[in-house]
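Since every read-out is calculated from the coordinates, none of them should be taken as a lab result. The structure displayed is predicted, hence computed values, not measured ones. All Cβ positions, even for glycine, are placed from backbone atoms using ideal geometry, and neighbour counts span all protein chains on display.
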Amino acid sequence: MSIDRRTVVKAIAMGGALMGASVLMPRIALAAWSKEAFEAKEQTAAMKALFGSDGLEESAEVNLKAPDIAENGAVVPVTVTSSMSGVESMSIFIEGNPSPLAAEFMIPVGTKADVSTRVRMGKTTKVTAVVKANGKLYSAAKEVKVTIGGCGG
Amino acid sequence: MAKKMLKVKAKASGGKTKVKLMAKHIMESGQRKDKKTGELIPALFIQNLTVKYADKVVFEANLGPAISKNPYLSFSFDGGASGDELSMTWTENSGKTGTELAAIK
């Protein structure tokens, strides 16, 4: 009966709609919280569900701050800032996670496009920040090395 | 509601208010297994946090279970003065919800 944690993580990442499906299905999704986007297993699918498109434009005006090497994948500090005007939302995607969309922040007028949080990362992968401004999507990405994963247990 | 879940530090300076907040929450990812039974522990996480100042939404976050345990968020907005109150509403994926108030310093 001993299944090591790597196998578990992999099994979930690959096959299982285990997690979200069983837990969240019966509940009525909140209007604002996009269930489809948060449960998507592929980054492009998550982006399509959230924005209706995955057409990103890399921009130097999107700034993603994350460590080069995260010793502990359970707590990875991430900061997203943008110098653009008309920012509507900022989102964080972690490509290699079971569900790539980690968070979506709404930025109303008057709030600075500068948000910090801490995320979990299952393995070394690319972190992408997507800024929605004036109806268009801009992004910045960074590879973060993880030495201890933060998804299994 | 019993204990406060959110720890908030909000500071006004130069016409802006900087808010740092931490929620005391396990943010169960739904990926972990119970060591005894081998069953998956169901996900339990805060999925929405809305911060209002003077009845206006100044920040809203939709979170997934990939956010670390005891989620930390920081942001800043224009306006706000010392002594004013911020109202924060959180919603768990279980449907549980709560609103807490915090004063700006």
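Just check region A:28-101 against the gyration tensor rule for me: Cα atoms, a ≥ b ≥ c as the square roots of the eigenvalues, rounded for a/c under 1.5, and otherwise prolate or oblate depending on whether a/b exceeds b/c.
Details: a/c = 1.76, a/b = 1.13, b/c = 1.56.
Oblate shape, in that a/c is at least 1.5 and b/c is the bigger or equal ratio.
On a full-extension model of 0.36 nm per residue, what is the gain between B:V57 and B:E39, subtracting their alpha-carbon distance, rounded to one decimal in nm? Mind showing how you got there, number by number?
Details: separation 18, 0.36 × 18 = 6.48 nm, distance 3.97 nm.
That works out to 2.5 nm of additional length.
Would you mind giving the three semi-axes, in whole Å and largest first, of the ellipsoid equivalent to region B:14-105 according to its Cα gyration tensor? The partial results should precede the final answer.
Numbers: eigenvalues 203, 27, 19 Å².
Rounded to whole Å, the semi-axes are 32, 12, 10.
Mind giving me the nanometre distance, one decimal, between the label points for A:S116 and B:E92, set 7 Å out from Cα along Cα→Cβ?
Between A:S116 and B:E92, the simple spin-label model gives 2.8 nm.
I'd like the mean, over residues of A:73-84, of how many other protein chain beta carbons sit within 10 Å of each residue's own Cβ. Intermediate results must be reported in sequence, preceding the final value.
Values: counts 1, 4, 4, 2, 2, 2, 1, 0, 0, 0, 0, 0.
Mean shielding count: 1.
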